[in-house]
1. Among the residues of the stretch D:46-69, which ones are closer than 21 Å to residue D:123 by Cβ, without any contact (Cβ under 8 Å) to a residue 60 or more places away in the chain and outside any strand (DSSP E or B)?
2. Tell me, please, whether a residue that is part of a loop (DSSP other than H, G, I, E, B) and farther than 21 Å from residue D:40 by Cα can be found in the stretch D:100-123.
3. Against the definition (more than 9 Å from chain A (Cβ to nearest Cβ) and surrounded by fewer than 24 Cβ atoms within 10 Å (Cβ to Cβ)), how does residue D:210 come out, yes or no?
4. For the stretch C:233-248, does any single residue satisfy the condition of being more than 8 Å from every other protein chain (Cβ to nearest Cβ) and closer than 30 Å to residue C:130 by Cβ?
5. With the requirement that a residue be in contact with a helix residue (DSSP H, G or I) (Cβ under 6 Å, 6 or more places away or on another chain) and surrounded by 19 or more Cβ atoms within 10 Å (Cβ to Cβ), what does the stretch B:213-223 give you?
6. Looking for something surrounded by fewer than 20 Cβ atoms within 10 Å (Cβ to Cβ), over 23 Å from the mean Cα position of the chain (by Cα) and in contact (Cβ under 8 Å) with a residue 12 or more places away in the chain - is there at least one such residue anywhere in the stretch D:224-246?
7. Any residue at all in the stretch D:70-85 that's at pLDDT 95 or above, assigned to a loop (DSSP other than H, G, I, E, B) and closer than 13 Å to residue D:21 by Cα?
8. Since residue D:118 meets every condition but one in (1) farther than 30 Å from residue A:213 by Cα; (2) out of contact with any helix residue (DSSP H, G or I) (no Cβ under 6 Å at 6 or more places or on another chain); (3) surrounded by fewer than 21 Cβ atoms within 10 Å (Cβ to Cβ), which condition does it not meet?
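The values are calculated or read from the model by the stated rules, or taken from the named source; none is laboratory data. Source: prediction; values computed, not measured. For neighbour counting, all protein chains shown are included, and Cβ atoms are generated from backbone atoms with ideal geometry for every residue, glycine included.
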């Protein structure tokens, strides 16, 4: 076998992405994507120094050339017949909370680029590698579980609040993408899932919120849930899960 | 009173838009928008020749300059203090049904432009005129009902089927926009609503489908429903209705 | 024509039921149902003295004998071939808000009886009369609009909050009944609809809440919405609407 | 420690219930409930002979006396200070698919008893034992994961089809119960979840359907998903998952 079967994770920073990367790196070589290498370098290093195998690829998921370049780097590193056991879209456009009449067209476009265009291009780039993993070959290992494409959503994926027009429109759109792909590719053996992360995640960025730890979602629990989704057999796919702190009001 | 209180309808062709235009023209002067004047001219003429008042404005709702120009033409025709009793977004990106891996970035962008960018720019242009209609003034009549902003959705607004990735993502996004605006502007007196038109509409374009009339939604019934939404008092706003033929499977 | 085409309304007290009764009485003779005659007598009198035609029938909708007796009284009054243009289920089990472990089995049973058993028996009693109205006959007038069966729901029909276990379970169940009946009887020409009344209604009972009028739903607006649903042609049925004050948080 | 921390599973037959029982028996002593002992005896025997600990208790979950007797038997076997690490409601009223006007009141009552009354009484009986497990004590072990109450739902929990009026009303009601309890008891440390099992399960009873294995949900995958839910920390609770075959149309 000259090529590898790997996991590709987009949106890897020091929080959910890192936890997901570590979890999947315990089973597969991984490729970790982020625009800014500073955000993935510590995770790549940590995985490689603890017996795993990781590469980081600076990628703008909303730019088709950048995404194509990413696939080439993946093939260069992991072989031309590389297959994908899991692809996880954990990136997002910037979070914006603003009165509607103060939103600019540029903000909407940026939200579209980060959440919708990005997830679209990421899916088009990874689905051929996920589909390849559904059939055995001599060049590349067959993964032990159905290949899995997971999208990270938010409260705003299912509830569009006042002042969230730019953010929620694109989170609804991302959820629609995940649902359409689940229906198209499930019968072809690829498991597509969407997670509604309904609450504040316990990452460095949210320390400032001053919430007690029990009111913040543990990124490792998200990673565990994604791993559970990945292990589901093709007779028993979950399309959507929600995750929130037990103390959360909802 | 030197200015008018009007209705603005985007997406006026020989079907739903025309029926809505006729309905609202029986109560207000109207401005009818479409990219191609050929689609609104017959309706403008019919309204003007039957005692109503209509103007058509060639507008690309996905282009902010075009939308700004539209507002200027509206003010030129109906007065600088023009108010909006109703604004209806009935436009849409092109309908696309295709395997996901055959979709191009251009198709996604066009769907975004037509459905999301268009509804965003239309809302930003009309909301100031709708808000103006919530308070009496000496220059312009106060409408008899709360000013109303309505968005036309589809089955794909709430169900994202296989092969509908480009279309449904943007319909979900449109619905999110409508919901966020309802929550932000309802307390300010503007009624924002979303209609899930769940079926084939009985318009010239769908004659070729060969369906019996009873299996196709009557555009006049959509117009009647929108008019009913418009007449609801501010204590009793509907955010969402669905409309489908009685014989429809759903 | 020896028989009448009427409207039957269950749950007629001095609020929503009364407003609905008055609205439909302007078009049809009506039969108004309530357990306690004191609640319908003033409305029956008001309708009869203003040129309409109403009878009140003391009915326990959760008791099949009582419901059968009601149908017999309706036939005795309006003719053996009586048809139903509209049937509206506006009754409800008692509202209960309590910690789950303090709920008794009796409370759950009462909620089931009032909301689920009641709507079930009411639907079984009225659907034959609604179906009869879909076809012309010599004995009884054909209604001008498709016969319509409407159920009044609440916020708890779509959101099951803490402490609402007894109330929300039965409101969810009522909504399921409405949806199943819409799918079964829509193709047969009967329009079945469900209304999510999402807020406090402006009725005598809620005066004590101290809310401003603009924060309370106008029962006449509910009646107008139900009437609009009734007027929809069979090509264009709405299954569900929501109604809430513009100022409501949701 | 004189008492045990156990799992209680209601609705244990030769399918999903058995798979759940085996899974949780690998971590906890279990009590398996079914009306007919014949359905749990083989599973109880299998667990006990392979190193686990199980008792079967003949229980009618819709009868409060029977449920109270069940709790006494549990305490007699596992100690007066028995705690519950997991309680799983996998029972159901009979599946009925029938034209609405052919349904009898008795069918509705039976569906209510099996799905709603049963889940209500089961929750009232087990929640005190689940709550007890949230705090350490000297008498009984503290479970390694937050105590968990899971309800098994179906397609009809979220879609009420024609001819499913009796079945879907009660599945909607069960889902509402699960949602209300999640909101009330999550903040108290008990994880409440609901599973939408959207498809035919691969159990002896469905062999006759003639479906290929890949079109039927594997009961062990349901058990694995329930176990995953049970292992989630209290910062990261899932309320709802759906499970269906990859090839399923939905």
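1. D:59, D:60, D:62, D:63, D:64, D:65, D:66, D:67, D:68, D:69
2. Scanning the stretch D:100-123 turns up at least one residue that is part of a loop (DSSP other than H, G, I, E, B) and farther than 21 Å from residue D:40 by Cα.
3. Here the answer is yes, as residue D:210 does meet what is asked.
4. no
5. Answer for the stretch B:213-223, where residues must be in contact with a helix residue (DSSP H, G or I) (Cβ under 6 Å, 6 or more places away or on another chain) and surrounded by 19 or more Cβ atoms within 10 Å (Cβ to Cβ): B:219, B:222, B:223.
6. Looking for residues that are surrounded by fewer than 20 Cβ atoms within 10 Å (Cβ to Cβ), over 23 Å from the mean Cα position of the chain (by Cα) and in contact (Cβ under 8 Å) with a residue 12 or more places away in the chain, one finds none in the stretch D:224-246, hence no.
7. No, the conditions are met nowhere in the stretch D:70-85.
8. (3)
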